[in-house]
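Following: one structure in structure tokens, then a few remarks.
The values are calculated or read from the model by the stated rules, or taken from the named source; none is laboratory data. The structure displayed is predicted, hence computed values, not measured ones. Every residue, glycine as well, gets a Cβ built from its backbone with ideal geometry; the counts of neighbours run over all protein chains shown. Keep in mind that these areas ignore ligands, DNA and RNA; they rest on the heavy atoms of the full protein, side chains included. Shrake-Rupley method; radii C 1.70, N 1.55, O 1.52, S 1.80 Å.
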Amino acid sequence: MNLNGQVLSALATAHRDLIAEMREGHWEGRLSSSALSTATAISALAAFAKCGSDKPTRNALIAEQLQRGIGWLVQQPRSDGGFGDTDKSRSNISTTMLAIAALRLSGAADHWTQVLARAHAYVEANGSVQGIRIRYGRDKTFAVPILANAALAGLIPWSDVSALPFEAACLPQQWYRWARLPVVSYAIPAMVAIGQAKFHFDPPKNPLLRWIRRASIERSLRVLGRMQPESGGYLEAIPLTSFVVMSLASTGREELPLTARSVDFLLRTQRADGAWPIDTNLATWTTTLATLAVHSSSRFVGASPEVNLDWILRCQNQVPHPFTGAAPGGWGWSNLSGAVPDADDTPGALLALKALEPTWRDSHNADRTKRQIEMGIRWLVDLQNRNGGWPTFCRGWGKLPFDRSGSDLTAHALRALHAWRDLGMSRVERAIERGFAYLRKQQRADGSWLPLWFGNQDQSDDENPVYGTAKVLTAFRDLGRLESSAAQRGAQWLLAHQNADGGWGGGASVEWPARELGISTVEETALATEMLAEFADRGNFAIAFERGAKWLVSAVGNGFHKAPSPIGLYFAKLWYYEDLYPLIFTVSALSRAAQRLERANQSTASPSF
């Protein structure tokens, strides 16, 4: 079978497997279980249980879930004694310190002395408290919660935990970006709860500051209550919610309704095996990505089940968001109440609605859908930073890593704005040009771009230039700018960084069931192959594209298109993998490969005169 036939066969298989994951017209996916999330949840439930709740049923459930959580956690140490974020991740000091704290707070330390001894040795070898500070630099978003958790467990003194200005949460929300807060925009709940715990156990010596913080306690708690979503889970995130629970419980606020709601969230989100994921789900994100993938493959594999348009529309934020103060119009990563609208999921939804346009253009949903699209575009344009790039959540928060503009976010926003150019909305053209100017400035000297929310644990500084470069080039592709010098340099970088096995990315930590595919990952290979399909009429690009396509065909043949790798970065460099990523990316890449090979065959078959 020639390459075209192989690609079509593999595409049909991957498409079928992706459709099989669909539920009621959308995709939920499954996030990896997380040792970090599990450790923080154990600490939170243990701290709450020590307060002596008068609800026997809940107490029994907490005790049961603590045992299951501990049972899962103690099976997770790596060969070096440390703990990694996922079962496919390398050990890191953050997760290891949190695992030690969880075993101590839960009273399980005496039963797992060998696990603790090896974990302690790993932490000491990697710098202990100073190692945490070095890992996160000036960003206190995750460093302070980790150290506070350790202090609650008696591992370190509270003097090693930096104070957080929880009183700043009492400011009007629109002032937050001017307050020069030491945490990123999504971490206000942690700043309030952990800041209060630090104040409780180690108040400042300055009498004026003590008075200000004492006077701010109740008001900042009310802010914390207003930010809490209906589900009880802040951002639907287990670590963030856990840090809030353990801090409030340890300072005598276990009876607050917001504490109880947070505990109930943790109890609901534990998995049957005892573990917790980093977040409940990424359903909106996976659904919009999968919608585009099945739309592009439909001409080769036939009609797919109908995506639930109304489900996507219902996920749009319709009121000012209590967490960030964001205006109506954006989409978050999940259909659940804790999601926050952002500049990656909003473009994803707008692009999915474009792909679905034939199904709603002449329907009774047309006017509503168009209004919501226009809201989304206005929301996206308003979010653009002064430097021309797009941040994740809030305009103007540019000091800390996960609040700054991102090349991958900007490229996604540009694609969405371009897709709906025919609406003729104001400011779109200028926003697009400013966005491309930002991307040109962000291109590195070697031609690559770096993403904000994805990484590679085998690369220096955990960077993932394969993901970043491929995602940025999709914007140049969609807007017809692949002949620009920036796009050409980006493509050359991808060409130069193809692995010997024919794929991209990955590294020594990749753990395949069989090693014949080498060190590459499905996700990164799919992204790079999809982009090189656009350059495959040129010499070395054609060879690289064919090698990438063959690698993906082999992956599908071996069933490895269902084997995710930990390329996702959650808040503050917390690694995760998502079961749907390799499936979605493979379908998208093989669709583009099939289109490219179809064009090549037509060109070859055309008579010349």
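Listing for the model above:
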read-out	value
Residues being of a type in the set (Ser, Thr, Tyr), open to solvent by 10 Å² or more (accessible area, probe 1.4 Å) and in a helix (DSSP H, G or I) - total across the stretch 96-135	3
All positions within the stretch 25-46 that are closer than 22 Å to ASP85 by Cβ, open to solvent by 10 Å² or more (accessible area, probe 1.4 Å) and not in a loop (DSSP other than H, G, I, E, B)	SER33
Pick from the stretch 288-323, criterion free of Cβ contacts under 8 Å to residues at least 12 places away in the same chain and in a helix (DSSP H, G or I), ranking: most open to solvent (accessible area, probe 1.4 Å)	ARG299
Residue count, the stretch 487-513 (criterion: surrounded by fewer than 20 Cβ atoms within 10 Å (Cβ to Cβ), in contact with a helix residue (DSSP H, G or I) (Cβ under 8 Å, 6 or more places away or on another chain) and among the aliphatic types (A, V, I, L, M))	1
Which numbered condition LEU256 misses (of (1) within 21 Å of LEU61 (Cα to Cα); (2) in contact with a Cys (Cβ under 8 Å, 6 or more places away or on another chain); (3) not charged (D, E, K, R))	(2)
Close pairs (8 angstrom Cβ cut-off, 6 or more residues apart or separate chains): in contact (Cβ under 8 Å) with a residue 60 or more places away in the chain and open to solvent by 10 Å² or more (accessible area, probe 1.4 Å) in the stretch 82-95, in a loop (DSSP other than H, G, I, E, B) and of a type in the set (Asp, Glu) anywhere	LYS88/GLU511
Pairs where the first residue, in the stretch 34-58, is at pLDDT below 95 and the second is of a type in the set (A, V, I, L, M, F, W, C) and surrounded by fewer than 24 Cβ atoms within 10 Å (Cβ to Cβ), C-beta under 6 Å, 6+ apart	ALA49/ILE62
Subset of the stretch 344-362 (residues that are within 18 Å of SER304 (Cβ to Cβ) and open to solvent by 10 Å² or more (accessible area, probe 1.4 Å))	LEU351, LYS354, ALA355, LEU356, GLU357, PRO358, THR359, TRP360
Positions within the stretch 193-214 being touching a residue at least 12 places away in the same chain (Cβ under 8 Å) and open to solvent by less than 80 Å² (accessible area, probe 1.4 Å), in sequence order	ALA193, ILE194, GLY195, GLN196, ALA197, LYS198, PHE199, ASP202, PRO204, ILE212, ARG213
First in the stretch 216-229 and under 16 Å from VAL263 (Cα atoms), second anywhere and of a type in the set (Asp, Glu) and in a helix (DSSP H, G or I), Cβ under 9 Å, 6 or more apart	PRO229/GLU236
Qualifying positions in the stretch 233-285 - open to solvent by 10 Å² or more (accessible area, probe 1.4 Å) and among the acidic types (Asp, Glu)	GLU254, GLU255, ASP264, ASP273
Residue selected from the stretch 517-555 under the condition acidic (Asp, Glu) and farther than 18 Å from GLY468 by Cα, by the criterion surrounded by the fewest Cβ atoms within 10 Å (Cβ to Cβ)	ASP537
Complete set of residues in the stretch 161-185 that are over 16 Å from ARG213 (Cα atoms) and either at pLDDT 70 or above or out of contact with any helix residue (DSSP H, G or I) (no Cβ under 6 Å at 6 or more places or on another chain) (or both)	VAL161, PRO172, GLN173, GLN174, TRP175, TYR176, ARG177, TRP178, ARG180
Residue in the stretch 475-484 that is farther than 18 Å from THR86 by Cα, in a loop (DSSP other than H, G, I, E, B), open to solvent by 10 Å² or more (accessible area, probe 1.4 Å) and charged (D, E, K, R) present	yes
